[in-house]
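For reference, the structure is listed below as structure tokens.
The values are calculated or read from the model by the stated rules, or taken from the named source; none is laboratory data. From a predicted model like this one, the values you see are computed outputs, not experimental measurements. Glycine also receives a Cβ, built like all others from the backbone with ideal geometry; neighbour counts cover every protein chain displayed.
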């Protein structure tokens, strides 16, 4: 039997080689995952991407004219100097309600796929338009004149991908809205806008107005739908035929109901939670409301995510397999060549490669167990010749299947992964310590000291 020091050095070299092989398999997993993400983006380019809906906002544009009296001097006579600025006021609803029904389908390109949705949204609510006189600047002296010319107000609705708009109609103050492309406001980005008719300016300047609105929007998108709860008080309700929604945004649903075929959820927010409307009355380029609610359409059994999680345990599996073969070699006093160790290691690497390739066609769970059974059968067959006994080969295959089953359980319950892994390693260490309790390691190394000798169990008793 090769001296244990030389054997351990050879195994260390094989371990480094197998780490390189596993790195190649891990790179392949990452490459296929990136390709799947690229296909999702390509599908979104031909339909519509992830959607974020913001608004509606009521925009009150106006022109402010300031005139200052300039006294006469030696170069010019006394005169009024005039300047004009374009400004606007942005109001968000005092009450906002959004209800949506999503119809989800999966589009495929080759072996890759991505979920897209078509939604029917109903947006409604009310604006409290304050007295416009509150926004008009007053002259500070007789040497200054300030006048405000109010222009046509409009409702602005922001969408992250306007290609998803299928149909849009709405009314405000019982008048039908005519929408035009563009949110007409730089901070909102892409979207639509529609002019609205308010009451007589003289009355509006003095008393303000309550403005009711209602929209019907057919919106398509992919993977994600987020809605900003723009109202001082907001209610958002979404439902659809997707059994695996991942609720996203800044707020958890107040109510949710998920079955094997569909889902429904409802959110409720207030201005205290979303930060109020104060930041909407400035002319800075920041968004009026950063709060969002909504969902992502995820695949809980994403084959590439599960393959990536499986690969996290590849090095541990390799050490366990090498350790099992080495332990059986020592216990049964057999000689296992480093080439045989490398073939066992390559068989383990093939398990991860088979799982990846089969999962692209059969689904992850079926692919995992086909690869596990095939790997255990191949390893058991080969080890039965390496260790000179079919019973040893069968035991090795049984242990390997048990390890594959344990890994599958860890993948199924990510929250219990650390506990399951630590208990398993403790149990394996206990088994190794028990099986090697009487082994004279000095004798295996070929340098048994003369002063000390191994003590067997009979002498202890």
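With respect to the numbered conditions (1) touching a strand residue (DSSP E or B) at 6+ places or on another chain (Cβ under 9 Å); (2) over 30 Å from residue 357 (Cβ atoms); (3) not in a loop (DSSP other than H, G, I, E, B), which one is the sole condition not fulfilled by residue 134?
(1)
Just one of the numbered conditions (1) surrounded by fewer than 15 Cβ atoms within 10 Å (Cβ to Cβ); (2) closer than 24 Å to residue 268 by Cβ is not true of residue 81; which one?
(2)
Go through the range 326-343 and count every residue that is part of a helix (DSSP H, G or I) and touching a residue at least 40 places away in the same chain (Cβ under 8 Å).
Count: 10.
Inspect all residues belonging to the range 109-132 and state whether any of them is in contact (Cβ under 8 Å) with a residue 60 or more places away in the chain, out of contact with any helix residue (DSSP H, G or I) (no Cβ under 6 Å at 6 or more places or on another chain) and surrounded by fewer than 13 Cβ atoms within 10 Å (Cβ to Cβ).
yes
Please state which one of 141, 124 is under 24 Å from residue 234 (Cβ atoms) and either assigned to a loop (DSSP other than H, G, I, E, B) or modelled with pLDDT of 80 or more (or both).
Every option except 124 fails the conditions.
Checking residue 351 against (1) under 21 Å from residue 328 (Cβ atoms); (2) under 38 Å from the mean Cα position of the chain (by Cα); (3) surrounded by 20 or more Cβ atoms within 10 Å (Cβ to Cβ); (4) in contact (Cβ under 8 Å) with a residue 60 or more places away in the chain, which single condition isn't satisfied?
So residue 351 meets the others, but not (4).
How many residues are surrounded by fewer than 17 Cβ atoms within 10 Å (Cβ to Cβ) and part of a helix (DSSP H, G or I) when one looks only at the range 310-325?
4
Wholly within the range 167-246, which strands (runs of 3 or more DSSP E) include no fewer than the required count, namely at least 1 residues that are touching a strand residue (DSSP E or B) at 6+ places or on another chain (Cβ under 6 Å) and under 13 Å from residue 129 (Cα atoms)?
209-222
Of the residues that sit in the range 43-54 and are assigned to a helix (DSSP H, G or I) and surrounded by 13 or more Cβ atoms within 10 Å (Cβ to Cβ), which one is farthest from the chain's Cα centre (by Cα)?
Selected residue: 43.
Which members of the range 300-315 meet the condition of being closer than 16 Å to residue 403 by Cβ and in contact (Cβ under 8 Å) with a residue 12 or more places away in the chain?
Hits for the range 300-315 are 309, 310, 311, 313, 314, 315.
Could you please let me know if residue 27 is assigned to a helix (DSSP H, G or I), modelled with pLDDT of 85 or more and either closer than 30 Å to residue 117 by Cα or under 30 Å from the mean Cα position of the chain (by Cα) (or both)?
In short, yes.
Test residue 89 against the criterion of being touching a helix residue (DSSP H, G or I) at 6+ places or on another chain (Cβ under 8 Å) and either part of a helix (DSSP H, G or I) or at pLDDT 80 or above (or both), and give yes or no.
Spelling it out, residue 89 is indeed touching a helix residue (DSSP H, G or I) at 6+ places or on another chain (Cβ under 8 Å) and either part of a helix (DSSP H, G or I) or at pLDDT 80 or above (or both).
Could you list, in sequence order, all residues of the range 148-165 that are exposed (fewer than 14 other Cβ atoms within 10 Å of the Cβ) and farther than 30 Å from residue 217 by Cβ?
Hit for the range 148-165 is 149, nothing else.
Any chance the range 55-64 includes a residue that's part of a loop (DSSP other than H, G, I, E, B) and either farther than 30 Å from residue 232 by Cα or touching a strand residue (DSSP E or B) at 6+ places or on another chain (Cβ under 9 Å) (or both)?
no
Taking residue 42 as the residue in question, decide whether it is over 30 Å from residue 230 (Cβ atoms) and free of Cβ contacts under 8 Å to residues at least 40 places away in the same chain.
no
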